[in-house]
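These notes concern the structure reproduced below.
Nothing in this text is a laboratory measurement; each read-out follows from the coordinates by a stated rule. As the structure is a prediction and not an experimental result, all values here were calculated from the model. Neighbour counts are summed over all protein chains in view; Cβ atoms, including those assigned to glycine, are modelled from backbone coordinates with ideal geometry.
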Amino acid sequence: MACPLFIPTSPLGELVSVAPPLGDLYDGYCAAEPAAAIDHDTLRRYCNFGYARGHCAKAMHSDADAVRLLVYEAHGSLVQISWAVERNHHPVAVGRLEVETGHARERQTDPLGAQTYACAAAYVRQTSGNPGWVDRSATAAHP
């Protein structure tokens, strides 16, 4: 679950001990203050993982505190993402977006659009476009 104000721009390439909600840790900026730099700790702990209301003045004023994303279906570079915008772990809004990851995107201003693209791109990158990869891994890990 990423912060609903977070606009991811590029993967940081850092390894973490938990699975990042967007598939990778991302660099990016805040929709509430696009020109301001985000300090590294806030970026890693709250922008990428959400629930920043008690730790970030901008997030404190947001109607939601996290965006939950799930790959629903994928066919090569075309990925469907189910999403839920949440406040206190309760859905505020839900939906599904279809994302084409096969081409570069311009700088985003919409956090949900940017996050769904980042999630879909990470999924395609990590599975090499083969959705069965995830199923085989889960089966191997949990016989």
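Some observations on this one:
- What you get for the chain, charging only the Cβ of Lys and Arg (+1) and of Asp and Glu (-1), is a dipole of about 180 debye around the Cα centre.
- Over the chain: helical MRE at 222 nm, DSSP H runs n ≥ 4 each giving -39500 (n - 2.57), nearest 500: -6500 deg cm²/dmol
- Looking at the chain, the pairs of alpha carbons with a distance over 21 Å make up 41% of the total.
- Derived scalar couplings ³J(HN,Hα) [the stretch 59-72; Karplus, 6.51 cos²θ - 1.76 cosθ + 1.60; whole Hz; x for Gly, Pro]: 5, 4, 9, 7, 5, 10, 10, 7, 10, 9, 10, 9, 5, 8
- Relative contact order (percent, whole number), the chain, Cα cutoff 8 Å, 6+ residue spacing: 25 percent
- Farthest toward positive dipole pole in the chain [+1 Lys/Arg, -1 Asp/Glu at C-beta], among PRO34, LEU70, HIS103: LEU70
- Longest segment of the chain lacking GluC sites (Glu not before Pro) that sit in a DSSP loop with at most 13 other Cβ atoms within 10 Å: 15-105
- Cut-off under 5 Å, modelled amide H: who pairs with VAL99 long-range: VAL79, GLN80, ILE81
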